[in-house]
Amino acid sequence: MLGKADTTRMYNELSALKNFNTCPEQEGITRLLFADEEIMARAYVKQRMVKAGLQVTEDTIGNIYGTLVGSQPELAPVWSGSHIDTVRNAGMYDGTVGVIGALEACRMIRESNAPHRRSIVALIFTSEEPTRFGIGCIGSRTMAGHLSLEQTKSLYDDQGISLFQELERLGYTKMDYGAVRKKKGDVFASVELHIEQASVLERLGCPIGIVEAICAPTYIQVTLEGQQEHAGSTPMNERRDAMAAASEIILKLESLARSHGNNHTVGTIGKFCAYPNSPNVIAGRTEFTIDIRDIDETVKQDMTQKICAYIDNVAMLRNLRARYTVTADDLPCVSAPPIIAAITASCEKRNIPIHKMISGAYHDSLMIAEFAPVAMIFVPSRGGISHDPAEYTSIEEIAAGTEVLADTLLSLSNMNEMGEAEQ
Ligand code: GLV
Ligand code: MN
Ligand code: MN
């Protein structure tokens, strides 16, 4: 068992990241992929990694690797990381806790002089949030082979700039895109520390959650085209109103998610644009996203099929044109029992109660699970609030999660392929 995390050091780093904010006039933080402030935040973490004695590299999609080299660097490494990009007007803990936590865990291991055979890598995964380019886990998705360089040409932000253009602008396309791809065996194990983003741990008074499985999302991009017309002179029975049609779909998604599946079945329309967006004009076009999540892939597929059929039906009845594209369709994942056992062993030694749970939010670990064993450590979120400026986890709670993470990474770094400890 290692010692204590340095709460002052971690707090200062989390606070420093908070200041890389594109919209400081808002209450919360907005740090979208490859915005100037996000690039500055990357540079800041890289500099902290170098100071901590980690070897820093970056790949063609912008994933950053800070490696604490082990005594047998030829062995598959142990990974820990998360993200530093945010949703719009976010809190300061989503993702950053897992990045600074991994960095602190590496420092704790290095400062303890504990022998570790495998290298331990602290990572920043590129754009876990779908905020700028419409799909999440861009860095880890590329590692898992689900985003080709060609596909980055058709991912656009709200200004019409493609991800590919941004990669070119920043010089990433000069490197070998294929090298981002990871295969089974490249990574021995991966453990992500994250805030819970729900209120289960707080209600139980439990400081540590161990994630046994992660729900996966399906994203659908929808466009409805009707007829833009005068709001005063067009009789109700002659309208082809894209806003009214969208409203029906929004409520249908809510009722489908409520009446289907299980506790983890959820459906959200979080991004919506109406055109021309004027008080006295019937909307001729609406564009919106559908986000469906579940732990059960068959329920998710069923929900997807039902909402798409409903969209077709609404379009037919209202004489609109509907177009929709599934932009991401990910698979739920389960955590690896040996990693869960290592996390549990650390909590037992530290006398910390644990709660085993399912993550309703997705994380980069969902993608990493396609090529490596994964598990996650959750720390409590006050009031269960996240994706909001009010998001809060105390530095002591973050430190407790980091200490468990550090023990776990050290233990995994000295494990052989059979899951046995080796020195
Ligand atoms: C990640 O932030 C998610 O939407 O689950
Ligand atoms: Mn998030
Ligand atoms: Mn996150």
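Throughout, read-outs are computed from the coordinates displayed, never taken from laboratory work. Remember, predicted model here, so these are calculated numbers, not experimental data. As a convention, Cβ positions derive from the backbone with ideal geometry for all residues, glycine included, and neighbour counts pool all protein chains shown.
Listed peptides 200-211, 224-235 appear in the order 200-211, 224-235 once ranked by packing, highest mean of other Cβ atoms within 10 Å at the front. Label separation (A309 vs A76): 4.1 nm, computed from points 7 Å beyond Cα along the C-beta direction. Rounded to the nearest 20, the Cβ-based charge dipole of the chain about its Cα centre (Lys and Arg +1, Asp and Glu -1) stands at 200 debye. The long axis of helix 36-51 is offset from the longest Cα principal axis of the chain by roughly 10 degrees. In degrees, nearest 10, range 0 to 90: what is the angle between the Cα axis of helix 96-112 and the longest Cα principal axis of the chain? Tilt of helix 96-112: around 10 degrees. For the range 186-225, the square roots of the Cα gyration tensor eigenvalues, ordered a ≥ b ≥ c, give a/c of at least 1.5 with a/b no greater than b/c, which places it in the oblate category. With a cut-off of at most 13 other beta carbons within 10 Å, and DSSP calling the residue loop, which GluC sites (Glu not before Pro) in the range 11-99 qualify? Please list them. Answer in residue order: E25, E27, E74. Please identify, among P77, P217, P24, the residue showing maximal mean-square fluctuation in a Gaussian network model of the chain using a 10 angstrom Cα cutoff. Looking only at P77, P217, P24, the biggest GNM fluctuation is shown by P24. Think of it as helices only: each DSSP H run of n ≥ 4 in the chain is worth -39500 (n - 2.57), and spread over all residues that comes to -10500 deg cm²/dmol at 222 nm. Can you compute log10 of I(q)/I(0) for the chain with the Debye formula, treating each Cα as one identical point scatterer, at q = 0.14 Å⁻¹? Taken in order of the listed q values, log10 I(q)/I(0) reads -1.27.
Angle of helix 337-349 to the longest C-alpha principal axis of the chain, folded into 0 to 90 degrees and rounded to 10: 60°. In the range 361-423, what GluC sites (Glu not before Pro) fall in a loop by DSSP, with at most 13 other Cβ atoms inside 10 Å? Within the range 361-423, the qualifying GluC sites (Glu not before Pro) (loop, at most 13 other Cβ atoms within 10 Å) are E417, E420, E422.
Within the range 5-34, whose backbone N sits under 14 Å from a point 7 Å along Cα→Cβ of D158? The answer is 22-23, 26, 30-33.
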